[in-house]
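**Q** Shown below is the structure under consideration.
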Amino acid sequence: MYPPPRKDFISLTLSDQHSRSYNNGKHRRQSCLRKWKQLSRLQRSLVLFLLGLLLICGLLSYPGLSRQWGDVPDREDWVELDDRELRPVPPGANPVAGPAVGARAAAVGLAAGPEVGPALGPAAGPVLIPVPEIIPEIIPEPQKPKVLLLPKPLVKKRPFLNKRGPPSQQRAGNASELLVRKQPEPPGKTEEVEEEKGDKQLVSWRGAMIEADQATEAPPSPERDIPASPGAKDASPLEPEFAEARNWVETELSFSKDVDVNLFESTIRILGGLLSTYHLTGDQLFLDKATDIGTRLMPAFKTPSKIPFSDVNLGKGSAHPPRWTADSTVAEVTSVQLEFRELSRLTQDPQYQEVVNEVMRLVHKLPGKRDGLVPMFINTNSGQFTHKGAFTLGARADSYYEYLLKQWIQGGKTENDLLEDYLQAVEGVKKHLLKQTGPSRLTFVGEMSQNRFNPKMDHLVCFLPGTLALGAHNGLPTEHMELALQLMETCHQMYVQMETGLSPEIAHFNLQPHDGRELDVKPADRHNLLRPETVESLFYLHRFTQDSKYRDWGWDILQSFNKYTRVPSGGYTSINNVRDPVNPGPRDKMESFFLGETLKYFYLLFSDEPDLLSLDKYVFNTEAHPLPIWPSAP
C-alpha cells in the first residue's frame with residue numbers, strides 16, 4: 001500500500017492555478033457550511049451519528065484486517081506460474097493464473113482460489129495456492145517462496161424453509177438446497193459440512209440420490225427376467241442417516257411376531273415403502289424384506305369369497321375380519337393392488353398379483369354400484385356389497401377410485417376394465433355428487449345416502465384434484481383437468497377460510513346463500529390430523545401446469561403447520577380446533593403419514609427439478625411411495 005500524501009507536500013507544490021482552485025474550493029466549503037447550518041438539529045445529529053458509526057465500524061474491522069493481511073510477504077517473495085518456470089512477480093502485481101496453469105498447477109499442487117480483494121490490487125485471474133506438502137519437493141531450497149495461503153471461506157447454504165415469502169416471490173434457490181451432499185475429502189482432511197454446532201445434514205427422499213434422468217427400467221439381469229432397479233445402475237455412497245436406517249432394517253426389523261396387523265395399512269406403508277426403497281437404492285435387502293412381509297400378508301386372502309379379511313397375524317399365518325363385523329371396507333381391499341402386483345413382477349412369483357387381481361375382477365362385475373360409484377363395505381363371506389345406497393369419495397371408499405387409475409397407469413395402460421371402471425366413476429361423481437355453493441360457486445364433492453344428497457366433504461376427498469389431473473396427463477378427457485382445477489380451489493378455501501389457515505377434517509358447504517359463508521364446520525369436525533391430500537394435489541397441479549400459485553398455497557399451509565402444530569421440542573402434532581388460533585388444542589400425536597406423505601409432497605412441490613420422481617416413470621401409491629411404471633409390452 002502506498003503512504004497517504006502529506007499536507008506539507010501539497011502546500012509546497014501549489015501553483016497559481018492551484019491557488020485559484022483552492023479559492024473556489026473555499027467558496028464551495030462556505031456554501032456547504034451555510035447549507036449545514038440550515039439543517040435542523042435532528043438532521044445534523046443524525047448525520048453526525050452515522051459518520052461516527054462508520055468510523056467505529058472501520059476501527060473495529062481494522063484488527064481483523066491486520067491479522068488477515070499482516071503476514072503478507074515481501075514483494076520479492078511473490079511468485080507467478082507460467083508455462084516455463086516459477087519466477088518472482090514484479091512489485092505491486094498479484095499472483096494470477098497464467099494461460100497454461102491447468103497441467104502445471106496440478107503437477108505442483110497449486111489450487112485455484114477466490115480472487116484477492118482490493119487490498120492487494122486488481123487480479124486478472126484466480127490466486128494460486130500451493131499445497132505446502134508438495135512445494136518443497138519441486139522448488140529448489142534456495143528459491144522456496146513464501147506464498148500467502150488464503151483460507152477457503154465456509155459458505156452456508158440457506159435452508160429453503162427459512163426463506164421469507166412464498167416460493168414464487170423468491171429470487172433463487174429451491175427445496176434441493178435442503179440436501180447437504182458430502183464431498184470427497186483428501187486423506188487426513190476433515191469435512192466442513194456442518195458450520196455451526198447443531199446443524200443437521202438432511203437426506204434426500206431418494207436415499208441413494210438417483211439422478212433425475214435415469215431410466216426407470218434397466219436391461220434384465222441374466223439370472224432372472226426382472227428389470228433391474230435404477231438405483232443398482234450406479235451405487236452412490238449412502239448418507240449417514242440412511243445407512244443407520246438400513247442397518248436397523250437389516251438387524252432389527254423382523255415380521256416373525258405374534259401380532260395382528262391391518263392388511264391395508266401394512267401393505268401401503270411397510271410393503272410399499274420397502275419396494276420403493278428397493279427401486280431407489282437397488283439394495284436387495286429391501287426386496288427380501290418386502291417379500292417376507294408380502295408372504296406373511298397372503299393368508300388375508302384365504303376367504304370364501306376371495307375378498308380379503310381386514311386383519312392378519314404375521315407370526316401365526318392366520319387372518320380374520322374385525323371383531324364386530326364380517327365386512328371389509330371397499331377402499332382397503334381395493335388399495336393393495338399396486339404393491340402386490342409389483343412384488344410379483346420383481347420376484348417372478350405370480351401368487352401376489354393373482355390374489356389382488358381377483359379382487360378387482362370381482363368388484364368390477366358386482367351389482368350395487370351407481371354409475372360407477374361403489375358402496376363403502378363388502379362382505380368377506382358372500383363377496384357382496386353391504387350398506388348399499390351410501391356413496392362417498394371420503395373415508396372407506398376414497399382410494400378405490402385412486403387405484404383404478406393408478407393400476408391402469410402402472411400396467412402400461414393395457415387393462416381396459418380398470419380404465420372403464422374409473423371413467424364410469426368420474427361420470428358418476430359428476431352426476432350424483434358434484435355441486436356448487438351458493439355464494440361463490442365453489443365446486444365440491446358431497447355424499448349420497450339413500451338418494452339424499454349431503455353437502456359434506458371430507459378433507460380426504462382432496463386427493464381427487466391430483467388424481468383427475470394425473471388422468472388428464474395420461475390422455476384422459478380434458479374435462480377432467482378442468483374439474484381438477486375447480487376442486488383444487490375448493491380444497492384451498494377449506495384452509496384459508498379457517499382462522500388457523502388449516503383445514504378441518506370435514507366441511508359442510510352451503511348450497512344457498514347463507515351469511516355469505518361457503519362452508520360451515522361442526523364442532524366435532526374441527527380437528528386437523530396433518531393430512532396430506534391437499535398438498536398431494538397441489539404437487540400434481542403444479543407439476544402439470546407450472547402455475548406458481550399452487551406453490552404459494554402450499555407455502556401458506558406449511559407456514560400454518562409451523563405456527564399452530566409444530567412442537568418446540570421436536571415434531572408436529574394434530575390439533576383439535578382449526579377455528580381457534582389462540583388455543584388450537586394440541587393432541588400430542590403425530591400420524592405417520594405426516595412424515596411419509598405430507599412432508600414428502602411438500603418437498604416435491606417446492607423442488608425445481610421437473611423430473612424428480614417423474615410422473616411419466618413412477619406412480620405413487622396411496623402412502624406416497626413411488627413405484628415404477630411397467631414397460632409397455634412389445
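The values are calculated or read from the model by the stated rules, or taken from the named source; none is laboratory data. Being a predicted model, the structure only gives us computed values, none of them experimental. Neighbour counts run over all protein chains shown; Cβ positions are idealised from the backbone, glycine included. Note: accessible area is taken over every heavy atom of the protein model, side chains too, but ligands, DNA and RNA are not part of it. Shrake-Rupley method; radii C 1.70, N 1.55, O 1.52, S 1.80 Å.
**Q** Quick check on Ser503: is it at pLDDT 95 or above, closer than 27 Å to Asn454 by Cβ, of a type in the set (Gly, Ala, Ser) and more than 18 Å from the chain's Cα centre (by Cα)?
**A** On the way: at pLDDT 95 or above: yes; closer than 27 Å to Asn454 by Cβ: yes; of a type in the set (Gly, Ala, Ser): yes; more than 18 Å from the chain's Cα centre (by Cα): yes.
Taking the combined requirement at face value, the residue satisfies it.
**Q** Now, a different point. Yes or no: segment 544-556 includes at least one residue that is part of a loop (DSSP other than H, G, I, E, B), surrounded by 15 or more Cβ atoms within 10 Å (Cβ to Cβ) and modelled with pLDDT of 95 or more. So that I can check it myself, show each step before the final result.
**A** Quick first cut of segment 544-556, residues part of a loop (DSSP other than H, G, I, E, B) only: 546-548.
From what is left, the residues that are surrounded by 15 or more Cβ atoms within 10 Å (Cβ to Cβ) are none.
Looking through segment 544-556, none of the residues is part of a loop (DSSP other than H, G, I, E, B), surrounded by 15 or more Cβ atoms within 10 Å (Cβ to Cβ) and modelled with pLDDT of 95 or more.
**Q** Might you check whether a residue that is outside any helix (DSSP H, G or I), under 27 Å from Asp520 (Cβ atoms) and touching a helix residue (DSSP H, G or I) at 6+ places or on another chain (Cβ under 8 Å) occurs anywhere in segment 396-417?
**A** Checked segment 396-417: at least one residue is outside any helix (DSSP H, G or I), under 27 Å from Asp520 (Cβ atoms) and touching a helix residue (DSSP H, G or I) at 6+ places or on another chain (Cβ under 8 Å).
**Q** For Asp608, indicate whether it is more than 30 Å from Lys413 (Cβ to Cβ) and among the acidic types (Asp, Glu). Break it down into steps so the answer makes sense when it comes.
**A** Working: more than 30 Å from Lys413 (Cβ to Cβ): no; among the acidic types (Asp, Glu): yes.
Judged against the criteria, Asp608 is not a match.
**Q** From the list Val363, Val429, Val356, which residue is within 35 Å of the chain's Cα centre (by Cα), within 24 Å of Asn451 (Cβ to Cβ) and either of a type in the set (Lys, Arg) or open to solvent by less than 30 Å² (accessible area, probe 1.4 Å) (or both)?
**A** Val429
**Q** If you go through segment 519-543, how many residues are assigned to a loop (DSSP other than H, G, I, E, B) and open to solvent by 20 Å² or more (accessible area, probe 1.4 Å)?
**A** Going residue by residue through segment 519-543, those that are assigned to a loop (DSSP other than H, G, I, E, B) are 521-522, 526-527, 529-532.
Next, only the ones that are open to solvent by 20 Å² or more (accessible area, probe 1.4 Å) stay: 522, 526-527, 529, 531.
Residues in segment 519-543 being assigned to a loop (DSSP other than H, G, I, E, B) and open to solvent by 20 Å² or more (accessible area, probe 1.4 Å): 5 in total.
**Q** Consider Gly516 against the criteria (1) assigned to a loop (DSSP other than H, G, I, E, B); (2) closer than 19 Å to Leu470 by Cα: it satisfies all of them except one. Which criterion is unmet?
**A** For Gly516, the failing item is (2).
**Q** Test Leu393 against the criterion of being assigned to a loop (DSSP other than H, G, I, E, B), of a type in the set (A, V, I, L, M), open to solvent by less than 40 Å² (accessible area, probe 1.4 Å) and more than 16 Å from Val333 (Cβ to Cβ), and give yes or no. Steps first, please.
**A** Details: assigned to a loop (DSSP other than H, G, I, E, B): yes; of a type in the set (A, V, I, L, M): yes; open to solvent by less than 40 Å² (accessible area, probe 1.4 Å): yes; more than 16 Å from Val333 (Cβ to Cβ): yes.
Considered against the rule, which asks whether it is assigned to a loop (DSSP other than H, G, I, E, B), of a type in the set (A, V, I, L, M), open to solvent by less than 40 Å² (accessible area, probe 1.4 Å) and more than 16 Å from Val333 (Cβ to Cβ), Leu393 comes out as yes.
**Q** While we're looking at this one, here's another question. Quickly run through segment 449-484 and pick out the residues that are part of a strand (DSSP E or B) and open to solvent by less than 20 Å² (accessible area, probe 1.4 Å). Even if it seems obvious, please write down each step before you answer.
**A** Here is the first cut: in segment 449-484, the ones part of a strand (DSSP E or B) are 449, 452-454, 456-458.
If the condition is that a residue be part of a strand (DSSP E or B) and open to solvent by less than 20 Å² (accessible area, probe 1.4 Å), then Met457, Asp458 are the ones that fit.
**Q** When you scan segment 496-505, do you find a residue that is in a helix (DSSP H, G or I) and touching a helix residue (DSSP H, G or I) at 6+ places or on another chain (Cβ under 9 Å), even just one?
**A** In the first step, residues of segment 496-505 are kept if they are in a helix (DSSP H, G or I); the result is 496.
Right, trim to touching a helix residue (DSSP H, G or I) at 6+ places or on another chain (Cβ under 9 Å) and you get 496.
Within segment 496-505, one or more residues are in a helix (DSSP H, G or I) and touching a helix residue (DSSP H, G or I) at 6+ places or on another chain (Cβ under 9 Å).
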